[in-house]
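Participant: Can you read through this structure? Questions will come right after.
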Amino acid sequence: MPDILVIGGKAGDRQQISTRGGGDKSMDRKGRVIIHTGDGKGKTTAALGTAFRALGHGHKVCVVQFIKGPGSYGERLLAKKLENLDWHICGKGFVFKKENIEEDKKTAEKGFALAKELIDSDRYDLIILDELTYLPTLGFLPVETIVEAIASKPARLTIIITGRNAAPELVEIADTVSEIAVVKHAYQSGIKAQKGVEF
């Protein structure tokens, strides 16, 4: 199984990263850096809500998922049917087993190198870096490397970062930071994740 899976669009379009811009290039558009963090449910969901908003305006969107491995998530199934949406899976599943930690670290590094290339390409209006906050907290990547990549983004590009425990350095460079707290979660009552709600 490859380290990075591509979902949606024409396969040939994903083999090379274009240096052409896409979407609205009006001079007054300014991209943002947005973070959804906290222990509560809904960080990725909030980011994807913005993705569908952007797609509705004809913007070019890319999702890069770290940590999460392959699977039939509803959003991925829909992504295959949508134009202007590229999707890359740069993880093998949540990494709690220490015996695979070096392999997971290499996968994360490779995924971030791709993310940096996508950011620099100026091809997108919105890039979502899902679960990116885990890379520095797990010791997979220095937070300074991430900050440098975000700080050098094209001015029109909006980047959304999701995941728990966002590093202070990431919070510092963000324009908007939302913390989603747990008040109550169905899992605590023994209700398992359900198709169409949690995945």
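The numbers here are math on the coordinates, done by the rules we state, and not lab data. Note that this is a predicted model, so its numbers are computed, not measured. Positions of Cβ are generated from backbone atoms using ideal geometry, with glycine treated the same way; all protein chains shown enter the neighbour counts.
Participant: Please express the shape of the range 39-108 as an equivalent ellipsoid: the semi-axes are the square roots of 5 times the eigenvalues of the C-alpha gyration tensor, given largest first in whole angstrom.
Facilitator: 26, 13, 10
Participant: Related question: Arranged by the count of other C-beta atoms within 10 angstrom, fewest first, what order do Leu126, Leu141, Leu77 take?
Facilitator: Ordered from fewest to most neighbouring Cβ atoms within 10 Å, Leu126, Leu141, Leu77 come out as Leu77, Leu141, Leu126.
Participant: Shifting gears a bit: Under the 0.36 nm per residue contour assumption, what length would be gained going from the current alpha-carbon distance of Glu117 and Asn100 to full extension?
Facilitator: Contour length minus the Cα-Cα distance gives 3.5 nm.
Participant: Something else about it: With θ set to phi - 60° and the Karplus curve 6.51 cos²θ - 1.76 cosθ + 1.60, what are the ³J(HN,Hα) couplings of the range 43-57 in order, to the nearest whole Hz, using x for Gly and Pro?
Facilitator: Once rounded to whole Hz, the list reads 5, 5, 4, 5, 5, 5, x, 5, 4, 5, 4, 5, 4, x, 9.
Participant: Could I ask something else about it? Tell me the trypsin sites (Lys or Arg not before Pro) within the range 126-199 that lie in a loop according to DSSP and have at most 16 other beta-carbon atoms within 10 Å.
Facilitator: Here the trypsin sites (Lys or Arg not before Pro) that fit, given the DSSP loop and packing criteria, are Arg164, Lys184, Lys192, Lys195.
Participant: What is the local net charge at Lys184, summed over the other residues whose Cβ is closer than 14 Å to its Cβ (Lys, Arg +1; Asp, Glu -1)?
Facilitator: 0
Participant: What does the net charge come to around Thr162 if you take all other residues with beta carbon closer than 10 Å to its beta carbon, with K and R at +1 and D and E at -1?
Facilitator: 0
Participant: Can you list the equivalent-ellipsoid semi-axes of the range 32-151, largest first and in whole Å, using the square root of 5 times each Cα gyration tensor eigenvalue?
Facilitator: Result for the range 32-151: semi-axes of 23, 17, 14 Å.
Participant: With unit charges on the beta carbon (Lys/Arg positive, Asp/Glu negative), name the residue among Ala151, Gly196, Ile161 whose Cα is farthest towards the positive pole of the charge dipole of the range 134-199.
Facilitator: Towards the positive end, the residue furthest out is Gly196.
Participant: Counting only other residues whose beta carbon sits under 13 Å from that of Asp39, what net charge do I get with K and R as +1, D and E as -1?
Facilitator: Within the 13 Å Cβ shell, the charges total +3.
Participant: When the label point is put 7 Å from the Cα of Thr45 along its Cα-to-beta-carbon vector, which residues of the range 113-153 have a backbone N closer than 20 Å?
Facilitator: Once the point is set 7 Å along Cα→Cβ of Thr45, 128-133 turn out to lie under 20 Å by backbone N, inside the range 113-153.
Participant: Hey, another quick one. Have a look at Ala108, Leu78, Gly139 and report the one farthest towards the positive end of the charge dipole of the range 77-156, computed about the Cα centre with Cβ charges (Lys/Arg +1, Asp/Glu -1).
Facilitator: Positive-most Cα among the choices belongs to Leu78.
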